[in-house]
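One structure is given below, encoded as structure tokens.
The values are calculated or read from the model by the stated rules, or taken from the named source; none is laboratory data. The model shown is predicted, which means the values in this text are computed figures rather than measured ones. So basically every Cβ, Gly included, is an ideal-geometry build from the backbone, and we count neighbours across all protein chains shown.
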Amino acid sequence: MPKTEKSRRAGTSRKGKGKLRENFNYPEVGVPFLWPFAFFEGMEEEEVKVLRDNIAYLKEIDRTQVERPKPEWATANVVRLDAKTMLLRDFSKGKEGIYTLIVAPYAGHTSVIVDFHEGQSLVAQLMKDGVGRVAATDWKSATEDMKDLTIDDYLSQLDKAVEALGGRVNLAGMCQGGWLSAMFASRFPEKVNTLILAGSPIDTSAGTGTIKDYATKFPMEFFEELVAAGDGLMRGDFMLEGFKSMHPSQQYLKKYVDLYEHIEDPSYVKRFEVFEKWYEYTLNLPGRWYLQVIKELFKENRFFNGEFVGLGKKLSLGDIRCPIFLLAGSKDDITPPAQVFNAELRLGTEKGHVEKMMAEGGHIGLFMGSKTLRENWPKIAGWIKANTR
């Protein structure tokens, strides 16, 4: 039975994309610079449509991997505070009640991860679930004049943010923003109504994970050389390459092949574009701050052991007595669940006021995964409201 024109073209398209996948088997094509040549091999029999797909693919790569535009916040907001290390963004619609302040991750990417995209926004989800006043830290990329800032400087800046929001908040710390939030709650317990720690490395000696392995495997001289190479800063590009090296086949090959094979699917391309804009756009970190984090928190675990000095006082998890919610990811290879849940062993909070929850998925999904936002965060929002007075 003769092929219809539609099925013939579909077969040709599949053939072209199959040819592309074959081309990726050659090692030299693993170098992005050589990809355009791979696209045109065997193109003599292909239709114009395949060529258009190739061009659309290259344009998408240019938009996300070359141009690297600054990610945009998904939810309308106003800037309440413009400080040295951050902008304080206020998303609130209501005017009553205390704020829930999201302390975003500060690990080389922008804070937009907490307000990533429509349908993937922690900010929007909390407000949808009745948390009326929500704000978030928008960390700035470190500049040359910030290279000597320390953890104390970030604690002081967080204090300014809390004061700008009325002096007492529900504090929600994400990833590296979690240990900073816990330190703040220990140093200023009267200013924290409730504390949420999501994917936050509190007991950095617990569990097995890549970040822990890196911190313990390499000597301080290695990290000092990275900072020296960045002229006193830990360059975001250095950190991005480190994150990519954790999943090299996915980051350097598979995601590009997947994009090509879905180049005619607008929703897939849009999701790819939004995520890659966030992932490829990096922030620099103060070198002194970064080395302090590696040495005192990840190598020596001083905060968990009650030996870290913050703003002139030895900080202890035992000084945190407010209700606390601990959220971990079952497949988190950045912050293993034990690093989050072990906080309970040292907290001063009464056992009945400590909640723990294991979400399905990995690290980034804790803050922007649609499944976690839909299934886990509404329960946390309800807990915030029940404990807010």
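For the reader, a short list of remarks on this structure follows.
- Selected residue [among the acidic types (Asp, Glu), at pLDDT 65 or above, surrounded by 15 or more Cβ atoms within 10 Å (Cβ to Cβ) and farther than 16 Å from Ala107 by Cα] from Asp203, Asp231, Asp213: Asp203
- Scan of region 170-190 for residues that are crowded, with 19+ Cβ neighbours inside 10 Å and in contact with a Lys or Arg (Cβ under 7 Å, 6 or more places away or on another chain), ordered by number: Arg187
- Close pairs (8 angstrom Cβ cut-off, 6 or more residues apart or separate chains): closer than 13 Å to Asp319 by Cα in region 186-212, among the β-branched types (Val, Ile, Thr) and outside any strand (DSSP E or B) anywhere: Ser186/Ile320; Phe188/Val162; Pro189/Ile320; Lys191/Val162; Val192/Ile320; Leu195/Ile320
- Yes/no for Ala76 being small (Gly, Ala, Ser) and within 26 Å of Met146 (Cβ to Cβ): no
- Options Gly361, Gly382: the member that is at positive phi and either of a type outside the set (Asp, Glu) or touching a helix residue (DSSP H, G or I) at 6+ places or on another chain (Cβ under 9 Å) (or both): Gly361
- Check on Val257, over 21 Å from the mean Cα position of the chain (by Cα) and at pLDDT below 75: yes
- Sole exception among (1) among the charged types (D, E, K, R); (2) in contact (Cβ under 8 Å) with a residue 40 or more places away in the chain; (3) over 26 Å from Ala386 (Cα atoms) for Arg346, by number: (3)
- Residue within region 125-134 that is part of a helix (DSSP H, G or I), touching a residue at least 40 places away in the same chain (Cβ under 8 Å), closer than 24 Å to Gly318 by Cα and not hydrophobic (A, V, I, L, M, F, W, C) present: no
- Residue tally, condition surrounded by fewer than 22 Cβ atoms within 10 Å (Cβ to Cβ) and either outside any helix (DSSP H, G or I) or modelled with pLDDT of 95 or more (or both), over region 332-351: 11
- Selection within region 179-229 - under 21 Å from Leu149 (Cβ atoms) and among the basic types (Lys, Arg): Arg187
- Test: Gly199 is out of contact with any Pro (no Cβ under 7 Å at 6 or more places or on another chain) and among the small types (Gly, Ala, Ser): yes
- Residues satisfying the stated conditions in region 140-158, i.e. small (Gly, Ala, Ser) and either at positive phi or in a helix (DSSP H, G or I) (or both): Ser156
- Residues satisfying the stated conditions in region 61-95, i.e. at pLDDT 85 or above, in a loop (DSSP other than H, G, I, E, B) and either touching a His at 6+ places or on another chain (Cβ under 6 Å) or not basic (Lys, Arg) (or both): Glu72, Trp73, Ala74, Thr75, Ala76, Asn77, Ala83, Thr85, Phe91, Ser92
- Filtered residue count, region 96-126, keeping only those that are touching a strand residue (DSSP E or B) at 6+ places or on another chain (Cβ under 9 Å) and either of a type in the set (Val, Ile, Thr) or at pLDDT 90 or above (or both): 20
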